[in-house]
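One structure is given here, and the rest of the page talks about it.
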Amino acid sequence: MAEVLETTVEEQAGIRKAYEEMLECLHKPAGEADLEQMGRAMELANYSHRYQRRKSGEPYIYHPIAVARICAEEIGLGPTAICAALLHDVVEDTPVTQDDIKAEFGNRIAQMVGGLTKLDSAYNNESQQAANFKKVLSTLIVDVRIVLIKMADRLHNMRTIKSMPEHKQFKIAAETSYIYAPLAHRLGLYNFRSEFLDLCMKVLEREEYNAVARKLQETKASREDYIERFIAPLLEGLDELGYPYRVYGRPKSIYSIYNKIKKKQVPFEQIYDLFAVRILMDIPKNKEKIACWSAYSVVTDNYQAVPERLKDWVTIPKSNGYESLHCTVAGPDARFVEVQIRSERMNEIAERGFAAHWKYKGVSNQPDIYEQWFDSVRDILDDPNSDTVQFLGDFRDNAFFNEEVFVWTPGGDMKSLPKGATALDFAFSVHTEVGYHCQSVIVDERIVPLSYKLKNGDRLKVITNNSQKPNEGWLKLVTTGKAKSKIRQAMKADRKEKGELGKEALLRKLKNLRIKDSTAAVEQLSQQHTNGSHIDLFFNIAQETMTVAQTLAPFIVENGRLVAKAVELPPESTFEPGGRKRNPANKEKGHSRLLINGQPGDQFEYSMATCCNPVQGDQVFAYLTANAGLKIHRSKCPNAQNLMANYGYRIMKAEWVSTSESSFVANLRMTGTDSGTGVIERITHEITEMDLSIRSFNISGNDGYFEANVSLLVKNTDQLYLAIQSLKNLEHVSTVSRVEE
């Protein structure tokens, strides 16, 4: 965002029009007082941002207006939230302070704007970057509207991401996929979640996104024709039910379709459930269940149902409030079609999540599912000294799960946990103290391991013992964020207690050395040895894994302060000013395979990440490691989301610049029919014919099926693509795919 000349008169006319169009999107007409307050918020935002423009060149004020419009139109928030949305960047980007906002608009709007303002130096180090996310997420338990506005802000940023440099697009998309998509899912904002994931895929997996989008466009007409053929036989039966209804087909998201292609290892043409048919009925709450099942009866009277794919979220809604009846039937031409049956109320909750849930609060007899979730968020936030990167991981684990299991306490209370949760997770869900002292768990009258994975309908009883305490092994036995967070808290408290002797010994030594500021010295030592953790430093000394002398060894005392000892570099140092290190191997080749931050890659020490094995032509980025130089990762590397979301300040732009003679490792997985003889020979012969080298090859067969893993040396993605297509064309080979992890 660069400073430019003040917005012109013509631009102001466009800004005014955009603001008025935003007001028209409010779900309820605003009163005079609300209109006046929103007008003042607009005036302040417009004046404060008058010298600022977005990367696209348009006046910056269009962004807050667009965010406010998303809040009004797509979430259904009211005037107070609209004011906060209009002002959400004012404190961060202009001289206006939060006190100014408070004086002009009152405590509530000032609090919301404060929650939306990034922390200072948010991207200087990992703890600050993660702390910024933690700050936003912690507002969930203060005022959920703050997070909803933040979601709208991120959605508009993703919709307009094209104007950003590619490496920044990667970072923003990875953050969105890692945090905001799971959060949208947990708040029931299904439209947001789908769009987030589609837009992230468009950035991080561009070619795959474009391929699916192109195929969807090509098949649009035939798909619409099929939907009409499917719906036609249902209309008479639905009319006879006597409820107002509407029925239509809705295409599934590109991300969802691509996931099916990847999971099933089949081409686009063999994915038949590209859309879902939705039946919506306008009925009172007390008739919803009977109406949904009546509509289900109409569908199954006309088409054969697939019993195992019936999902009843009408009787027991999902933990994020989602209610719907899903069934899959065999439609015309024996194609499977998913049918979603719900009321208009259920649909509004599905489309607008928490905001709609709030509107209908009290209408449903179900307990307040969001309050239950907020309680679990409070549990994770309980420890003010928790590692913020770990907090993000715990929060994400707590937010992002599609499937649930429903289990019961001995008293008959039902609890929902993520699919894959264990008996120990259940103990922590009952109460933190029950989890801490859990000795064993009984499921349906039999003792099970703490690692036992819960199943629907399980009835569990937890046996506790006051002498039982959490240990590090427990972290491997749980999956929920709450359980992980509480186990770490207990272990940290235990380490802190055991570390008191180490603390005393170190402080005594610092006093003997006449160190003036022992707090600053301890901070230096903890940064040197334990990544800034004082507790771990004291614990290590107390457990004698490190002596006080070893702790102080890298330092000398000067004028009452600890000073790091000077390290002499070799005379012909490979380091250059600015922390760069020459890469002699690349320099000898006489050319650079990469540009890193716009500079020739041979000026840096870099290597290809083994977790994703980039090949020339892949979308890539550079990640600055702590002690191994730069690692080049693919944008869709399994670790990319975590690296970009938590360590974004270490990400550097990288791009291929030459048709290098170097070879890259590409790992392929193949499956097919084991014909008994000749499979290995055919595969290796085909690879040899393509003039490619095999780095490793292993194959196993069972019951007429084989799976092979092959590592090839290829020059670029074009050569890799040709290799995959050639191997797919071999007789008895069913699938060939590049291994992502």
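A short reminder: the numbers here are calculations on the coordinates, not readings from a lab. Since the model is a prediction, treat every value here as computed from it, not as a measurement. Don't worry about glycine lacking a Cβ; one is built from the backbone with ideal geometry, like all the others, and counts go over all protein chains shown.
Which ³J(HN,Hα) values in Hz, rounded to whole numbers, follow from the phi angles of the range 548-557 under the Karplus curve 6.51 cos²θ - 1.76 cosθ + 1.60, where θ = phi - 60° and Gly and Pro get x?
4, 4, 5, 4, 8, 4, x, 10, 10, 9
When Rg is the radius of gyration of the Cα atoms in the range 235-322 and Rh is its Kirkwood radius, what does Rg/Rh come to? Intermediate results must be reported in sequence, preceding the final value.
On the way: Rg = 15.6 Å, Rh = 15.3 Å.
Expressed as Rg/Rh, it is 1.02.
Packing-wise, with mean Cβ within 10 Å as the measure, how do 214-223, 451-460 rank, highest first?
My ranking of the peptides, most packed first, is 451-460, 214-223.
In debye to the nearest 20, how big a dipole does the chain give about its Cα centre with +1 on each Lys and Arg Cβ and -1 on each Asp and Glu Cβ?
Computed about the Cα centre, the dipole is about 1380 debye.
Of the listed peptides 680-689, 718-727, what is their order by residue-averaged count of other C-beta atoms within 10 Å, with the highest listed first?
718-727, 680-689
Which residues' amide hydrogens lie under 5 Å from the amide hydrogen of residue 279, considering only partners 5 or more residues apart or on another chain, with H built in the peptide plane?
Distant-sequence amide H within range of residue 279: 340, 341, 342.
Taking the Cβ of residue 10 as the centre, find all other residues whose Cβ is under 13 Å away and add up their charges (Lys, Arg: +1; Asp, Glu: -1).
Around residue 10, the surrounding residues sum to -1.
Under a plain spin-label model, where a point goes 7 Å from the Cα along Cα-to-Cβ, how far apart in nm are residue 262 and residue 681?
Going by the 7 Å Cα→Cβ label model, 3.8 nm.
Apply the Karplus curve 6.51 cos²θ - 1.76 cosθ + 1.60, θ = phi - 60°, to the phi angles in the range 683-688 and return the couplings in whole Hz, x for Gly and Pro.
Rounded to whole hertz, the list is 5, 5, 5, 5, 5, 5.
Loop-only trypsin sites (Lys or Arg not before Pro) in the range 71-120, please: DSSP not H, G, I, E or B, and at most 14 other Cβ atoms within 10 Å.
Of the trypsin sites (Lys or Arg not before Pro), not one in the loops of the range 71-120 has a Cβ with at most 14 other Cβ atoms within 10 Å.
Highest first, please rank the peptides 467-479, 337-349, 318-330 by the mean number of other Cβ atoms sitting within 10 Å of their residues.
Descending packing order for the listed peptides: 337-349, 318-330, 467-479.
Considering the values (1) 91, 79, 74; (2) 94, 73, 66; (3) 114, 90, 51, which represents Cα extents along the principal axes in Å as calculated for the structure under consideration?
Given (1) 91, 79, 74; (2) 94, 73, 66; (3) 114, 90, 51, the structure-derived one carries the label (1).
For the charge dipole of the range 9-186, defined by +1 on Lys and Arg C-beta atoms and -1 on Asp and Glu C-beta atoms about the Cα centroid, which residue among 88, 147, 26 has the Cα displaced farthest towards the positive pole?
Value: 147.
Taking the alpha-carbon distance from residue 415 and a cut-off under 17 Å, which lysines remain once sequence neighbours fewer than 8 residues away in the same chain are dropped?
Here the lysines satisfying the reach criterion relative to residue 415 are 318, 453, 455, 461, 482.
What percent does the relative contact order of the chain come to when contacts are Cα pairs within less than 8 Å and at least six residues apart?
Computed value for the chain: 9 percent relative contact order.
Using helices alone, what [θ] at 222 nm do you get for the chain, with -39,500 (n - 2.57) per DSSP H run of 4 or more residues, divided over all residues and rounded to the nearest 500?
One gets -13500 deg cm²/dmol as the mean residue ellipticity at 222 nm.
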